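Taken together, the values in this text are just the output of simple stated rules run on the coordinates, not laboratory data. Given the structure is predicted, the values throughout are model-derived calculations rather than measurements. All Cβ positions, glycine included, derive from the backbone under ideal geometry; neighbour counts span all protein chains shown.
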Amino acid sequence: MAYATSELVWIRSFLASVSVFPPPMTLFFDSQAAVHITQNPVFHERTKHIEIDCHFVRKKLEAGILTLSHVGTKHQPADIFTKALGEAQFQFLKGKLGLLDLHAPT
């Protein structure tokens, strides 16, 4: 999340240098826990190792540079590469990615 945020900050500064000022950018995540940890100003013992990254992301959220949005597992295109899926879910995500069978008869 922190790496994606730093990339978005870089893109935003590049766009500002060419006089384009985009609205707040949205990060989509499938982990609700990561979103809640980033938005919650209170850290717990088990999250100490990610505290610096969370502060970085939280500062960008408070500055209005980005927003966070949850993407459910059923709509997560990355799952096609990382999980064993049923045929229906595989076909649905394949359609979202725009993948075509090059060997299919036309």
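Things to note:
- Near M25, the amide H atoms lying under 5 Å from its own belong to L66, T67; only residues 5 or more places off or on other chains count, and H is placed 1.01 Å from N.
- Here the Karplus relation 6.51 cos²θ - 1.76 cosθ + 1.60, evaluated at θ = phi - 60°, turns the backbone of segment 93-102 into coupling constants of 5, 4, x, 5, 7, x, 6, 10, 8, 5 Hz, with x for every Gly and Pro.
- Electrostatic tally near P24: other residues with Cβ closer than 13 Å to its Cβ, Lys and Arg +1, Asp and Glu -1, net +1.
- In order along segment 81-92, the Karplus-derived 3J(HN,Hα) couplings, from 6.51 cos²θ - 1.76 cosθ + 1.60 at θ = phi - 60°, round to 9, 10, 10, 7, 10, x, 4, 4, 5, 4, 5, 4 Hz, and Gly and Pro are given as x.
- Among 53-59, 66-72, 11-17, the order from most to least packed when residues are scored by Cβ within 10 Å on average: 53-59, 66-72, 11-17
- Gain on full extension, evaluated as 0.36 nm per residue between D79 and M25 minus their Cα-Cα distance, stands at 17.2 nm.
- For Q32 and D101, the FRET efficiency from 1/(1 + (r/R0)^6), where r spans their Cβ atoms and R0 equals 30 Å, is about 0.30.
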